[in-house]
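Undergrad: The following block contains the structure, expressed as structure tokens.
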Amino acid sequence: MEKVASESSSIHSDKANSAVHSISFVNKRLFFLSIQVIVNAVIIGFLAKILVALINLFTNLSFYQTFSFHESSPAHNQLGLLVILIPCIGGLIVGVMARFGSPAIRGHGIPEAMEQVLTNESKIKPIITILKPLSAAISIGTGGPFGAEGPIISTGGAFGSFVGQIMHITPNERKIVLTAGATAGMAAIFGTPIAAVLLAIELLLFEFSPRSIIPTALACATGAAMHLLLFGTGAVFTMPSIPEAGFQALVWYGLLGALIGVIATVISKSIYLIEDLFEKLPIHWMWWPAIGALAVGIMGYFAPYTLGVGYSNISQLLSGSLPLTLVFGLCFLKFISWSLSLGSGTSGGTLAPLLTIGGATGVLLGMIVQYLFPQSDISLSVCALIGMASMFAGAARALLTSIAFAFETTLQPHGLLPLLIACTAAYFVSFLLMKNSIMTEKIHRRGVLTPSAYEPDILQGLTVKHVVSAQLNTISVDFTVENLQAWLMDMSYAFSEVAVVDKENKFAGVLHLTDIYKHKLDSKDQIHELIRNPKHFIHESSSLSDAMEKLERQKLQIIPVLNHQHEVTSYISPALILAYYSNHRLKNEQYQRPISIKRRSLIMYSKGRNVI
């Protein structure tokens with residue numbers, strides 16, 4: 001009895017001490033995790049520099065036969081018809097690397113990272129850290145129409161996952177380290193920390209909480225600092241200053257954004273249509289990248305500016321002064337080259353091609369509007385800006401990322417309002433016309449579902465007292481086995497656990513009925529020696545999330561609910577929580593009209609007549 005009373009009196013202080021210890025433990029882990037991702041981001045910054053250097057090296061070797069790390073474009077090559085073979089050689093090498101190295105190097109990078117987060121506890125093979133940047137550098141350096149952002153996101157994620165696998169951390173923490181590494185890579189390439197953080201939220205984390213956003217933000221800030229150190233300062237894509245848009249221009253930008261959303265849907269679906277066509281080829285997938293690269297070479301022969309990364313093309317589009325033939329080529333020929341190459345399963349990315357195609361589409365549509373409606377008051381530079389951002393917003397379903405990225409890479413504050421309107425329009429149209437995005441369609445086909453909305457946990461916002469059942473019958477700590485058997489027969493008790501109270505009606509612990517049979521007690525034996533788990537309870541002010549966690553962790557059918565006096569008031573079970581959760585969701589989805597204008601009008605009319 002003294003033991004039981006002692007345990008009962010210490011419950012409250014144990015609970016408080018446990019909560020304080022838990023909070024300090026989480027804060028401590030968050031601190032060390034943040035330090036780790038900052039260190040990772042520094043290393044990933046150097047990996048980004050190495051990736052860019054390798055792309056430059058393979059570009060110079062392939063198109064100019066010089067060993068140099070100096071930045072150069074394939075557009076100025078003098079190879080003639082031989083230029084068709086260069087991308088094919090690169091595609092063949094990538095196919096061999098994927099076949100005998102790791103098939104995971106195929107694809108754009110972000111979908112593969114999403115799949116590992118959702119299905120494999122964020123575990124990526126360490127070899128990807130080496131093979132992905134090398135294969136991407138070969139693919140892009142031999143003319144592949146991709147950017148460096150997809151490969152470095154994949155590489156940064158793989159490095160973060162590798163570090164997370166050698167550390168003693170939880171799968172959730174490993175997801176944070178992976179995401180921080182991936183987005184730090186993006187920030188290191190473009191110097192866009194805000195867009196990188198938003199990319200993490202919209203495409204990788206699938207949550208928004210202090211434990212995830214703090215390390216990710218620190219990693220992205222560190223990656224952006226590495227960009228300043230290794231790549232220099234200034235806007236990534238230079239463009240002339242743009243004036244503040246008027247009302248009429250904003251309307252046109254919104255309409256253009258909606259139209260580009262339709263085009264983004266068509267582009268996304270065409271990529272996977274091409275992938276399906278490659279799947280039907282009667283040859284091993286190792287050869288597909290070389291076949292897709294043939295289209296790259298042919299397009300590169302007729303339009304050399306479609307080869308390679310093409311970041312300079314984006315800056316030229318943003319200037320608003322490109323001739324119509326080049327705009328047309330970047331819009332259509334670049335799309336043909338990129339879609340066939342990416343659909344073949346080579347190593348590449350989606351962001352830079354989508355920006356280029358979107359920017360060219362925006363300029364082309366802007367030219368049409370200016371020709372048909374000379375008083376439209378739109379700017380071709382702004383059309384290019386909203387075109388590239390809207391294309392990414394519509395295809396990738398990353399609305400906030402697209403807006404922030406366009407602003408951070410151009411540093412044009414007057415472009416924010418047109419970007420917000422156009423990207424939202426493209427995003428809205430994309431949701432209407434396309435079930436999955438260009439990022440999620442691939443893993444959806446493999447049976448992996450991605451969250452379509454990030455809602456707060458309902459169970460965290462509801463307390464136990466919302467769901468409590470009727471009064472829970474309890475037994476006294478002085479019960480004998482005989483008393484217990486009689487009590488069970490009278491009460492028709494249906495659970496395997498019974499709450500026990502002391503002489504003052506305070507909670508003393510839980511008795512598991514199976515223990516009676518395990519210990520083979522006589523009918524006159526008292527049960528107080530079998531009482532265990534004095535901490536198996538939940539306060540009525542606790543959240544349903546805490547209650548569900550305790551029920552699962554302790555494998556209980558029910559858990560007693562206590563008030564502030566530590567008296568047992570009721571119980572809670574998984575079935576009760578699930579039922580309340582379902583009813584709460586259904587209630588919030590029901591259409592209501594709390595204020596009826598018609599009814600209020602009739603009431604006011606009636607009152608007016610009475611006054612008269």
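The values are calculated or read from the model by the stated rules, or taken from the named source; none is laboratory data. The structure displayed is predicted, hence computed values, not measured ones. Glycine gets a Cβ as well: all are built from the backbone with ideal geometry, and neighbour counts include every protein chain shown. Only protein heavy atoms, including side chains, enter the accessible area calculation; ligands, DNA and RNA are left aside. Shrake-Rupley method; radii C 1.70, N 1.55, O 1.52, S 1.80 Å.
Undergrad: Could you give the nm distance between label points at Thr463 and Asp377, where each point is 7 Å from its Cα heading toward the beta carbon?
TA: For Thr463 paired with Asp377, the spin-label model returns 5.5 nm.
Undergrad: In 10 Å bins starting at zero, report the fraction of Cα pairs in segment 386-443 per bin as a rounded %.
TA: With 10 Å bins starting at 0, P(r) equals 27, 51, 19, 3.
Undergrad: Could you state the orientation-averaged shadow area of the convex hull built on the Cα atoms of segment 342-415, in nm² to one decimal?
TA: 5.7
Undergrad: Please list the non-local residues whose amide H lies under 5 Å from the amide H of Ser570, H modeled 1.01 Å from N, same-chain partners needing a gap of 5 or more.
TA: Residues meeting the criterion, in which the H sits 1.01 Å from N, are Leu472, Val561.
Undergrad: Further, regarding this structure: What order do you get for 207-214, 240-247, 313-320, 348-355 when each peptide is scored by the mean count of other beta carbon atoms within 10 Å, highest first?
TA: On the way: 207-214: 15.1, 240-247: 12.4, 313-320: 24.0, 348-355: 27.6.
Ranking, from highest mean packing down: 348-355, 313-320, 207-214, 240-247.
Undergrad: On to the next question. To the nearest 10 degrees, how steeply does helix 288-302 sit against the main Cα axis of the chain, on a 0 to 90 scale?
TA: 40
Undergrad: Using the beta-carbon distance between Ala579 and Leu432 and R0 = 25 Å, what value does 1/(1 + (r/R0)^6) give for FRET efficiency, to the nearest 0.05? List each step's numbers first, then the result.
TA: Values: r = 34 Å, r/R0 = 1.37.
Working from the Cβ atoms, E equals 0.15.
Undergrad: Moving on to the next point. Set the bar at 27 Å for Cα to Cα. Now go through Lys506/Lys555; Lys125/Lys442; Lys175/Lys269; Lys280/Lys334; Lys132/Lys435; Lys123/Lys555 and name every pair that lies beyond it.
TA: Result: Lys175/Lys269; Lys132/Lys435; Lys123/Lys555 exceed 27 Å.
Undergrad: Using the alpha-carbon atoms, what tilt in degrees (0 to 90, nearest 10) does helix 351-372 show relative to the longest principal axis of the chain?
TA: 60
Undergrad: Additional query: On a 1.4 Å probe surface of the protein chains, which of Tyr311, Tyr454, Tyr371 comes out largest in accessible area, and what is the full order?
TA: These residues rank, largest area first, as Tyr371, Tyr454, Tyr311.
Undergrad: Note down the magnitude of the dipole of the chain about its Cα centre, charges +1 on Lys and Arg C-beta and -1 on Asp and Glu C-beta and zero elsewhere, to the nearest 20 debye.
TA: With Lys and Arg at +1 and Asp and Glu at -1, about 940 debye.
Undergrad: Keeping every protein chain in place, order Trp338, Trp252 by accessible area at 1.4 Å, biggest value first, i.e. largest first.
TA: Trp252, Trp338
Undergrad: State the answer as a single residue: which of Ser62, Ile130, Phe46 lies farthest towards the positive end of the charge dipole of segment 34-141, with beta carbon charges of +1 for Lys and Arg and -1 for Asp and Glu, about the Cα centre.
TA: Positive-end residue among those listed: Ile130.
Undergrad: Here is a further query. Determine by what factor the alpha-carbon radius of gyration of segment 125-231 differs from 2.2 N^0.38 Å, reporting the quotient.
TA: Ratio of Rg to 2.2 N^0.38 Å for segment 125-231: 1.05.
Undergrad: Give the Rg/Rh ratio for the chain, taking Rg as the radius of gyration of the Cα atoms and Rh as the Kirkwood radius, to two decimals. It would help to have the intermediate numbers written out before the result.
TA: Numbers: Rg = 31.3 Å, Rh = 27.8 Å.
On the Cα set of the chain, Rg over Rh gives 1.12.
Undergrad: Assuming R0 = 56 Å, what is the FRET efficiency of Glu567 and Leu82, from their Cβ-Cβ distance, to the nearest 0.05?
TA: The formula returns an efficiency of 0.05 here.
Undergrad: Report relative contact order for the chain in percent, whole number only (criteria: Cα-Cα under 8 Å, sequence separation at least 6).
TA: Here the relative contact order equals 15 percent.
Undergrad: Which value in deg cm²/dmol, rounded to the nearest 500, describes the helix-derived mean residue ellipticity at 222 nm for the chain, given -39,500 (n - 2.57) per DSSP H run of n ≥ 4 and division by the residue count? Kindly include the intermediate steps, with their values, before the conclusion.
TA: Details: 24 runs with 372 residues, N = 612.
Helix-only estimate at 222 nm: -20000 deg cm²/dmol.
Undergrad: OK, next. Hey, what angle do you get for helix 110-119 against the long axis of the chain, alpha-carbon based, 0 to 90 degrees rounded to 10?
TA: Long axis of 110-119 versus the principal axis of the chain: about 20 degrees.
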